[in-house]
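The values are calculated or read from the model by the stated rules, or taken from the named source; none is laboratory data. Quantities reported herein were computed from a predicted structural model and do not represent experimental measurements. For neighbour counting, all protein chains shown are included, and Cβ atoms are generated from backbone atoms with ideal geometry for every residue, glycine included.
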Amino acid sequence: MANYIELHCHSYFSLLDGASSPEDLLARAGELGMSALALTDHDAVYGAVRFVQAAQSGVRPILGAELTLQSKQSDEQLHHLTLLVENDIGWRNLCQLITLARHNAPKGEARLPLELLREHAEGLIALSGCSQGGIPAALRRGDTATAQAILHQYVGWFGQKHFFIELQNHLLPHDDMLNTRLVTLAEAAGVGYVATNNVHYATQDRHRLQDVLVCIRHNTSLDEAGHRLRPNSEYFLKSGDEMALLFSDYPQALTNTRHIAERCQFELSFGLQSLPTFPTPDNLSAHAYLEALCHTGLHNKRIEPSANVLGQLDHELAVIERSQLSNYFLIVWDIVHFARSNGILCQGRGSAANSLVAYLLAISPVNPLEHKLVFERFLSDERQVVPDIDIDFDAARREDVIQYVYQKYGVEQAAMACTFVTFRARSALRDVGKVLGLPPELLERTSGSLDTYKAGRIGDAAAFREVLGERSAARVWGQLTELCTQIDGFPRHLGIHNGGMVIMGVPLAQRLPTEPATMKDRYVVQWDKDSLEAAGLVKIDILGLRMLSAISDSLQMVKAAGGQILDFDHLPFDDAAVYELVSRADTIGVFQVESRAQAQVLPRLRSRTFNDLIVSISLIRPGPVQGDMVHPYLRRRLGIEPVRYPHPLLQPALEETLGVVLFQEQVLKVARDLAGFTAGQGEQLRRALGAKRASEEIERFHAAFLEGAQANGVEQIIASGVFDTLRAFGGYSFPKSHAAAFAVLVYQSAWLKRYHPQAFYAALLDNQPMGFWSPAVIVNDAKRHGIDVLPVDINLSGAGCQIEGTSIRLGYSHVKGLGDAAVEKIVSAKVDDRFTDLSDFCRRTRLPRRQVENLILAGAMDVWGRTRRKLIWELGKLSYREDELELNFPEDDVNFPPVSTLEIMGIEYEMLGLSLRNHLMSMYRSHLTSQGILDSGKLEQCSVGSNVQVAGLVVVHQAPPTAKGHRFITLEDEYGFINVVVRPDIYARYRKVWREMPLLVVSGEVQKQGQVTNLVAAAVSALS
Amino acid sequence: MTRLWEVSELIAMEVDATGAPLRFRWREQVHPVEHIGKRWRVDLGWWHVHIWREHYKLATETGLLVIVYRDLLTGQWYLQRLYD
């Protein structure tokens, strides 16, 4: 056991300053035999939860922070102070101090007015800080008087036993002398002194990364960083022996680290009691009000209050009340109620759909009783975890919902979870490369051609060697790849919130620091979603889903076109035509089932019922593919192999999925039916199966499973086999409730595509980017369905897409460079009268020329009968600023040569992100046909095994991690799609072509799976 | 007045159990260390010319006041500065 404990330590949550993760620091401390370690990041506790979670191996975690102080006397000088948490009050005070410091400075910075320490000193132990502490800074310039004054101030606030002079020795030239003076000062004032190492990395070799981080932070290169870099590499976690050598004159400095550590006994723990109390009418308890709302829901949803239904309702309400969640449900209900009352589409996702209460409160869109969902997947008495309620809202209106929550609970009591943007391959390469002084264009090219997202894999990227050639052998590139490997996954800065909202009954700052986010009046807590969940803090995820926006827009368009109001709340899921559309894989634009992977399987699955949709969503994912579940299921469905159950007891649970374990809920049911597990135990088993390091736990469940099975009269060998199945598939199982909630949207979007395709496509185009396909592909799909997409017309268009006869007219907002403001100007100017010509348009809208140019190039002004070139020319000569006289330009006869169709298409593509003309491939069709190169239609007719050549535009390029290096490329032509499978060796051989060329000619062998045709590539070249 | 060598001269150094200088040979003469005044480390320029040195300001029994350093990359000792 070491005689030294590090009390001043920065992780990478001291953003762009610390060079090790909290986990690495703890591991290293463990190796050094330290019994405890403090984490003191800059003005933050971002890493506190991870730190506490990782500290299981005998190193006790101590929480704290290094605060940045601002004194009134010297505003320029920002000083540091190290704070350690002793107890609950200390934690609360630390959170408030950090919050105050953060709110007193621009985003990303912190400045605590010194006097505020007075009110918030209790429960904290303060150390005088690194060389940037007020006291050492004064001593270094020989100002003993100021040093003493500051010391006395701190002692006054914290107390003599709660303040220590911090000594550091990094083998800098003046460290010894400074320490002598600090000790003298401490002894004169009767306070203790303690040694720390101001750790910024776990091991010495990481000092290089630390230098790099500092350069990134200051936006400079290593060559130019100068004094910003630390003068040596001594800021690593040192052993007790090393520290003893450095502080041989002051042994007390080391023993005090242990004394301080022993005093810091705070443990992070939270409870649900921090939720606000929801105001109920007539002084009803939360439970009673919830019950009343549920009974209203029964009525609204026309559900027969049978014994079964009421029994389930009572059971759920009782569990909710015992878990102290009645309040939570009311809060969520209230938010959903607000949304629905304001016409904002929303629905819950995830495990909440297992709850009847959630359904009755209109939080979830599916009735769990109708779909045999299991409440205990969501909540049970045994499960001590806070439930997840995630709600998808119409993405365009999500902000309204967030603002509602802030208004209702106040900005002090509501905040969003934070997220960290981390270094990935491209950002790492650019940032680190710049720091190393590598030329920017070279870095751009290299990063642009990377295949991988993980910064750690840059080195193996073939792209690297391709772009750099022989240069890749130079030392600096080796340094680059090594540093990128180290920086992979490091937090770079706070990111945009992702929807998780934390609401408390007390000001948040008392439990957890908050800081300003980028948006005005928006605050985030210093923990992300994972940390919040681990700490047991309840949050509500307010997510934006563009499909909901698309559905909402569709409904409005249908109403505007013909007055029809569609009631999606009561849409029955039994229309055969809808299932037929899905089975044909005519699903571009349809929620969740439009990907190429889905298109491969849907025709074989042949959905006929809502439940089939649930299966589609759950089955076609990387997990089940990897677990080899897809094929057995399909074979049984197609009758190729018989449906079998390992034991008759399992039939009720697995009947719906033909004997295959597909849903998480089934894991619970299997455990219950075969081995007598309670639902709560089943859920614990399910969690363990899906967790990364739970082998011990799984073994315990294994034993219990066999025991329970035996009691049911099931043979051990069968029980063992079933458990093995669970072990294999359990990790990949999908929550049926989540799939069920999503299946509602699958059905609704498919229904819209079937019965109101114009409104549907228009809405899809208006809500891009969304879904799997680009707008260009959607337009082509519309055309194949007989719906023309008409270009932007300066007079006929509206802001967004509109139905025009049997076609869709693109809106102004589809033109590149036209934001909301510009579109608004055009729309309001147009109200008075049509635009007659260019100068009329410009005068009335006064749009910047760039935007007018884009409109011209997008073809919006073709109606006036002038070529686009001519219009651009006129625009150049037009003068229409307010303060200038309007000048008319004389007609002149400038003749422009005709522009090729290809050129026009190219420009249109650039302006709109799509082209409305014939498919690009049609330009090459006659040439291709003469060469015997086939189109997508002809390919379908080829027999298996034949060797053919095809050509098309690359629209999808996928490299699923489960595909073992195989890639899936989808080509599009004027008739449809071509699925190309590329083996790793073929990919490597033609890498540049596959990666960079938009139009390809592929030769290969035809393969079929049921009705789905694939081409296995043998060679590829670019089509020019 | 101090004389400063621009190119540090290689010396042979004998150290104690903790790695601190005991005595060194410079230009045929042995200089036992009487007192270590200051000690510091630098670690700079790892990305191009890496300088990683541990410096000592020493007084020797032979009456010299010097700064020596150990190149931590190679382990070699050098005499950097001699104070007259």
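Name the single residue, out of those in region A:568-583 being out of contact with any helix residue (DSSP H, G or I) (no Cβ under 7 Å at 6 or more places or on another chain) and not in a helix (DSSP H, G or I), that is surrounded by the fewest Cβ atoms within 10 Å (Cβ to Cβ).
A:Pro572
Determine whether region A:140-163 contains at least one residue that is closer than 14 Å to A:Thr68 by Cα, modelled with pLDDT under 95 and among the charged types (D, E, K, R).
No, that holds for no residue.
Please indicate, with yes or no, whether at least one residue in region A:435-448 is within 26 Å of the chain's Cα centre (by Cα), within 30 Å of A:Ile503 (Cα to Cα), crowded, with 16+ Cβ neighbours inside 10 Å and among the hydroxyl-bearing types (Ser, Thr, Tyr).
Scanning region A:435-448 turns up no residue that is within 26 Å of the chain's Cα centre (by Cα), within 30 Å of A:Ile503 (Cα to Cα), crowded, with 16+ Cβ neighbours inside 10 Å and among the hydroxyl-bearing types (Ser, Thr, Tyr).
Within region A:267-275, does at least one residue satisfy the condition of being surrounded by fewer than 16 Cβ atoms within 10 Å (Cβ to Cβ) and closer than 30 Å to A:Tyr193 by Cα?
Looking for residues that are surrounded by fewer than 16 Cβ atoms within 10 Å (Cβ to Cβ) and closer than 30 Å to A:Tyr193 by Cα, one finds at least one in region A:267-275, hence yes.
I'm told A:Leu532 meets every condition in (1) more than 25 Å from A:Ser20 (Cα to Cα); (2) modelled with pLDDT of 75 or more except one. Can you identify the failing condition by its number?
A:Leu532 satisfies every listed condition except (1).
Would you be able to say whether some residue in region A:632-652 is of a type in the set (A, V, I, L, M, F, W, C), within 23 Å of A:Ile717 (Cα to Cα) and assigned to a helix (DSSP H, G or I)?
There is at least one residue in region A:632-652 that is of a type in the set (A, V, I, L, M, F, W, C), within 23 Å of A:Ile717 (Cα to Cα) and assigned to a helix (DSSP H, G or I).
Looking at (1) part of a helix (DSSP H, G or I); (2) out of contact with any helix residue (DSSP H, G or I) (no Cβ under 6 Å at 6 or more places or on another chain), which is the one condition that is false for A:Asn327?
(2)
Quick test for you: out of B:Trp47, B:Trp40, pick the one residue that is within 24 Å of A:Gly226 (Cα to Cα) and not in a strand (DSSP E or B).
Going through B:Trp47, B:Trp40 in turn, just one is within 24 Å of A:Gly226 (Cα to Cα) and not in a strand (DSSP E or B): B:Trp47.
Out of all the residues in region A:553-567, which are surrounded by fewer than 21 Cβ atoms within 10 Å (Cβ to Cβ) and either touching a Leu at 6+ places or on another chain (Cβ under 6 Å) or of a type outside the set (Asp, Glu) (or both)?
A:Gln556, A:Lys559, A:Ala560, A:Ala561, A:Gly562, A:Gly563, A:Gln564, A:Ile565, A:Leu566
For A:Leu855, state whether it is in a helix (DSSP H, G or I), over 27 Å from A:Gln768 (Cα atoms) and at pLDDT 75 or above.
no
Could you tell me how many of the residues in region A:434-460 are modelled with pLDDT of 85 or more and in contact with a Ser or Thr (Cβ under 8 Å, 6 or more places away or on another chain)?
4
Quick grid of which residues meet (1) surrounded by 17 or more Cβ atoms within 10 Å (Cβ to Cβ); (2) under 36 Å from the mean Cα position of the chain (by Cα); (3) hydroxyl-bearing (Ser, Thr, Tyr); (4) under 23 Å from B:Gly37 (Cα atoms):
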| site | (1), (2), (3), (4) |
| --- | --- |
| A:Met177 | no, no, no, yes |
| A:Thr203 | no, yes, yes, no |
| A:Gln210 | yes, yes, no, no |
| A:Cys215 | yes, yes, no, no |
| A:Glu224 | no, yes, no, no |
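Filter region A:461-502 for residues that are surrounded by fewer than 19 Cβ atoms within 10 Å (Cβ to Cβ), within 15 Å of A:Ser447 (Cα to Cα) and at pLDDT 75 or above and give the result.
Correct list: A:Thr485, A:Asp488.
If you take the residues of region A:159-175 that are without any contact (Cβ under 8 Å) to a residue 40 or more places away in the chain and in a helix (DSSP H, G or I), which of them is farthest from A:Gly240 (Cα to Cα)?
Filtering first and then ranking leaves A:Gln160.
Taking A:Ala561 as the residue in question, decide whether it is part of a helix (DSSP H, G or I), modelled with pLDDT under 90 and over 25 Å from the mean Cα position of the chain (by Cα).
Yes, satisfied.
Test of understanding: among B:Trp40, B:Trp47, which residue is surrounded by 13 or more Cβ atoms within 10 Å (Cβ to Cβ) and closer than 30 Å to A:Trp477 by Cα?
B:Trp47
Could you list, in sequence order, the residues of region A:500-527 that are assigned to a loop (DSSP other than H, G, I, E, B), farther than 18 Å from A:Gln96 by Cβ and either over 22 Å from the mean Cα position of the chain (by Cα) or hydrophobic (A, V, I, L, M, F, W, C) (or both)?
Scanning region A:500-527 gives A:Ala517, A:Met519, A:Asp521.
I want to confirm something. Restricting to region A:176-207 and keeping residues that are among the β-branched types (Val, Ile, Thr) and not in a strand (DSSP E or B), which single residue is nearest to A:Phe158 (Cα to Cα)?
Ranking the qualifying residues of region A:176-207, first place goes to A:Val191.
Checking the structure you have, find out if any residue of region A:392-414 is in a strand (DSSP E or B) and at pLDDT below 90.
No, that holds for no residue.
Please verify whether region A:246-265 includes one or more residues that are under 30 Å from A:Asp88 (Cβ atoms), part of a loop (DSSP other than H, G, I, E, B) and of a type in the set (Asp, Glu).
Within region A:246-265, none of the residues are under 30 Å from A:Asp88 (Cβ atoms), part of a loop (DSSP other than H, G, I, E, B) and of a type in the set (Asp, Glu).
Quick check, is A:Leu268 more than 14 Å from chain B (Cβ to nearest Cβ), assigned to a loop (DSSP other than H, G, I, E, B) and either touching a strand residue (DSSP E or B) at 6+ places or on another chain (Cβ under 9 Å) or aromatic (Phe, Trp, Tyr) (or both)?
Taking the combined requirement at face value, the residue satisfies it.
Out of A:Glu122, A:Glu115, A:Glu109, report the one residue that is in a helix (DSSP H, G or I) and either within 35 Å of the chain's Cα centre (by Cα) or not small (Gly, Ala, Ser) (or both).
A:Glu115
Exactly one condition in (1) away from chain B (no Cβ under 14 Å); (2) out of contact with any helix residue (DSSP H, G or I) (no Cβ under 6 Å at 6 or more places or on another chain); (3) under 29 Å from A:Asn3 (Cβ atoms); (4) not β-branched (Val, Ile, Thr) is false for A:Leu172; which is it?
Condition not satisfied by A:Leu172: (1).
Looking at (1) in contact with a Pro (Cβ under 9 Å, 6 or more places away or on another chain); (2) away from chain B (no Cβ under 14 Å), can you tell me which one A:Leu178 breaks?
(2)
Inspect region B:42-51 for any residue being on the phi > 0 side of the Ramachandran plot and away from chain A (no Cβ under 11 Å) and give the result as yes or no.
Within region B:42-51 (the criterion being on the phi > 0 side of the Ramachandran plot and away from chain A (no Cβ under 11 Å)), the answer is no, since none of the residues qualifies.
Return a yes/no flag: does region B:57-73 have any residue that is free of Cβ contacts under 8 Å to residues at least 12 places away in the same chain, within 11 Å of chain A (Cβ to nearest Cβ) and surrounded by fewer than 19 Cβ atoms within 10 Å (Cβ to Cβ).
No.
In region A:40-53, is there at least one residue being in contact (Cβ under 8 Å) with a residue 24 or more places away in the chain and within 17 Å of A:Lys238 (Cα to Cα)?
Yes: region A:40-53 contains one or more residues that are in contact (Cβ under 8 Å) with a residue 24 or more places away in the chain and within 17 Å of A:Lys238 (Cα to Cα).
Could you pull out the residue among B:Glu34, B:Glu54 that is among the acidic types (Asp, Glu) and away from every other protein chain (no Cβ under 11 Å)?
Checking each option against the conditions leaves just B:Glu34.
Take the residues in region A:233-244 that are surrounded by 19 or more Cβ atoms within 10 Å (Cβ to Cβ) and assigned to a loop (DSSP other than H, G, I, E, B), then tell me which one is farthest from the other protein chains (Cβ to nearest Cβ).
The qualifying residue farthest from the other protein chains (Cβ to nearest Cβ) is A:Leu237.
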